[in-house]
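The values are calculated or read from the model by the stated rules, or taken from the named source; none is laboratory data. Just so it is clear, the model here is predicted, and its values are computed rather than measured. Note: ideal-geometry Cβ built from the backbone for every residue, glycine included; neighbour counts use all protein chains shown.
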Amino acid sequence: MVHEEVYTPSKKKTSLPQYNIEGKQLEAFLGPLEASIIETIWCSKKRPITVREVLEELRKKKQVAYTTVMNTMDRLYEKGLLDRRIEKGKGGAYLYYVYWPKMEEANFKEAAVRQVLSSLLDNFEELVTTCLVEKVATDDKQLEALKEKIDKTLKEKKK
């Protein structure tokens, strides 16, 4: 297929969705289909990727309509989690979007956790620290890891 770029990517700012306390992993920030789509894109060796290619991967696990995937990818673009551009199909007979993530999985997860913790600390300060330490204290390895991180941070601050 001959691809010709006809549109440059947007400069939309990425904004992380609100935290859903009942969600697991990515579904704490995204809906189930949004999470499946962005995971599919992160795992794809092909970048950018089309709606059709994402659909083909998703259909290996469950039945889903093309328009549902298309609308969900558009929503992820509007949220600033995906970027896109328009390309011309073979012979220029049709136009279609190709997508790629604005941030990789590790960056998304870190930004999401930092956003939630920042909000909690801004609103509940010492209570957050107390609860975190109490939670970590139930596991000796986690407690030791936390101690090492605190010690390292204190040493760096003294420099």
When restricted to 51, 69, the only residue touching a residue at least 40 places away in the same chain (Cβ under 8 Å) and under 22 Å from residue 89 (Cβ atoms) is 51
Note on residue 137: of the conditions (1) surrounded by 12 or more Cβ atoms within 10 Å (Cβ to Cβ); (2) more than 30 Å from residue 47 (Cα to Cα); (3) at pLDDT below 90, unmet is (1)
Of 22, 34, the only residue that is under 21 Å from residue 111 (Cβ atoms), crowded, with 17+ Cβ neighbours inside 10 Å and out of contact with any Cys (no Cβ under 7 Å at 6 or more places or on another chain) is 34
When every residue in the stretch 57-81 that is assigned to a helix (DSSP H, G or I) and among the hydrophobic types (A, V, I, L, M, F, W, C) is compared, the one surrounded by the fewest Cβ atoms within 10 Å (Cβ to Cβ) is 70
Considering residues that are surrounded by 12 or more Cβ atoms within 10 Å (Cβ to Cβ) and part of a helix (DSSP H, G or I), the number found within the stretch 82-91 is 0
Out of (1) outside any helix (DSSP H, G or I); (2) in contact with a helix residue (DSSP H, G or I) (Cβ under 6 Å, 6 or more places away or on another chain); (3) not basic (Lys, Arg), the one residue 138 does not meet is (2)
Counting only residues in the stretch 46-56 that are at pLDDT 95 or above and not hydroxyl-bearing (Ser, Thr, Tyr), the one surrounded by the most Cβ atoms within 10 Å (Cβ to Cβ) is identified as 54
